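The values are calculated or read from the model by the stated rules, or taken from the named source; none is laboratory data. On a predicted model such as this, the values are computed, not experimentally measured, just so you know. Positions of Cβ are backbone-derived with ideal geometry, glycine not excepted, and every protein chain shown enters the neighbour counts. Only protein heavy atoms, including side chains, enter the accessible area calculation; ligands, DNA and RNA are left aside. Shrake-Rupley method; radii C 1.70, N 1.55, O 1.52, S 1.80 Å.
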Amino acid sequence: MTTPARKRRTWSAFGDVRRVPSEYEVMTHKTNWTLREGRKVPFEQNPSSPANLWFLTYREGSPLKVDDWDAFRDPDQMTYRTYVSLQNGEETKADGLLTQYADAGADATLSPEWVGVLATLFAPARFPLHGAQQVQAYLGHIAPSSYITNTAAFATADLLRRVTRTAYRTRELQLAHPGSGIGERERQIWETDAVWQGVRKAVETALIAYDWGEAFTALNLVLLPTLDDVLLTQFGTVARASGDELAWLLSNLLAADSRRRERWSTALGAFAVAQRPGNADVLRKWVDRWSARADEAVAALAPVLAAAPQGAPTVDAVLASAQAARGRVLEAAGLGAQKPAAEAG
């Protein structure tokens, strides 16, 4: 007698599974409507419409391919509920720090030399951060799986949080040091000061990296790991040495967002390489291209940290630390050691 096939019920979207999917999987699986099965084009439009051609070119046509992107999983298994709960606690911590140091009048005690560093390096950072936020949002929009879309959406929110905190601190510093130019000259510095032109070139070029795989590589595997080491890690260390404990503490809080983004980004890179070893060459080509731009950006920023009143690193040390931070991310993504800059194409 033939045993009838087991009737699938609630979890048929996951295939013939023998377990109950996790909350994370239930809330994330196949929620990107432009990837519905049985559709030849993403949108219910003429197949040759601009929107369909865009996605077919820069998502389906990307050289970064695996058989099933839905097999990827975020190491933190973040859902909207868990993300909001986590960041509610983190924002409470940040608010507490800001209140504590504002009540103590800490900004008024900062040295003029350090205020100059803040005016040049910290306050204008909201511009590249906003550019990175836009690239991250694009990545989430065009990603080939809802498992990637959701992680990029949370990373976008993290960058918005960082932009907001930078703007808030800029206003506090402006009130404490009205003659410093803080709160007045950030756009001019961003657009014209040589310190920022390498970063501006890199971020604005990333905004036109339309292939989803290149956008992911450029931002999450190269630019942000490199720049975060300068603008969060090294900046925080120098800030503490220069008597700005609030900047150090806030940098540490915000760095947790960067570490979470790096966890899923390196996991995605390693997944792509494991699923199709040829993806390593695809990713390395982009890594080499964007690493040169990242190094150019750091080389211009480094002298500002090197001129800090206390705890200043050398220009060479700033660049070496940033490259090492990027190298750790690439290693975790399964891409191994980088080519020397002279060999990168």
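Roughly how many percent of the accessible protein surface of the chain is carbon and sulfur, given a 1.4 Å probe and a whole-percent answer?
Reported share for carbon and sulfur atoms: 55 percent.
Say each of E23 and A255 gets a label point 7 Å from the Cα, pointing the same way as Cα to Cβ; how far apart are those two points in nm?
Those two pseudo-labels are separated by 3.0 nm.
Place a point 7 Å from Cα of L175 in the direction of its Cβ. Which residues in the stretch 242-261 have their backbone N less than 18 Å from it?
246-247
Which helices of the chain meet both criteria: a Cα extent of 30 Å or more along the helical axis and a mean Kyte-Doolittle score no lower than -0.5, with helices taken as whole DSSP H segments?
Those that pass (Cα extent of 30 Å or more, hydropathy at least -0.5) are 146-176, 245-275, 279-306.
I want the local charge near L268. Using Cβ-Cβ distances under 12 Å, sum +1 for each Lys or Arg and -1 for each Asp or Glu among the other residues.
Result for the local shell: +1.
Quote the accessible area belonging to H29 in square angstrom, nearest 10, computed with a 1.4 Å probe and with ligands, DNA and RNA left uncounted.
Result for H29: roughly 30 Å² accessible.
For the stretch 156-213, rounded, prolate or oblate, judged on the Cα gyration tensor with a ≥ b ≥ c (square roots of eigenvalues), a/c < 1.5 rounded, else prolate if a/b > b/c?
It comes out oblate by the Cα gyration axes.
Name the shape class, rounded, prolate or oblate, that the alpha-carbon gyration tensor gives for the stretch 213-345, where a ≥ b ≥ c are the square roots of its eigenvalues, rounded holds for a/c under 1.5, and otherwise prolate holds if a/b is larger than b/c and oblate otherwise.
Taking the square roots of the gyration eigenvalues as a ≥ b ≥ c, the stretch 213-345 is oblate.
Here are several values of Cα Rg over 2.2 N^0.38 Å: [x] 1.10; [y] 1.48; [z] 0.96. Which one was derived from the coordinates shown?
[x]
Given the Cα-Cα distance of L56 and K30 and 0.36 nm per residue of separation, how much length would full extension add, in nm?
Extra length available between L56 and K30 comes to 7.5 nm.
Roll a 1.4 Å probe over the protein chains and send me the accessible area per residue for the stretch 98-153 in Å².
34
Springs between alpha-carbon pairs under 10 angstrom, Gaussian network model over the chain: which of T149, T99, T205 fluctuates most?
Comparing T149, T99, T205 in the GNM, the peak value goes to T99.
Of all trypsin sites (Lys or Arg not before Pro) in the stretch 39-84, which ones are in loop regions per DSSP and have a Cβ with at most 10 other Cβ atoms within 10 Å?
Qualifying residues, ordered by number: K40.
Select from L53, L319, L118 the residue whose mean-square fluctuation is largest in a Gaussian network model of the chain (Cα-Cα springs shorter than 10 Å).
Per the Cα network of the chain with a 10 Å cutoff, L53 tops the list.
Within the stretch 159-192, which residues have the backbone N less than 17 Å from the label spot 7 Å out from E204 along Cα→beta-carbon, could you tell me?
186-192
At what distance in nm do the modelled label points of D95 and A299 sit from each other, each positioned 7 Å from its Cα along Cα→Cβ?
4.5
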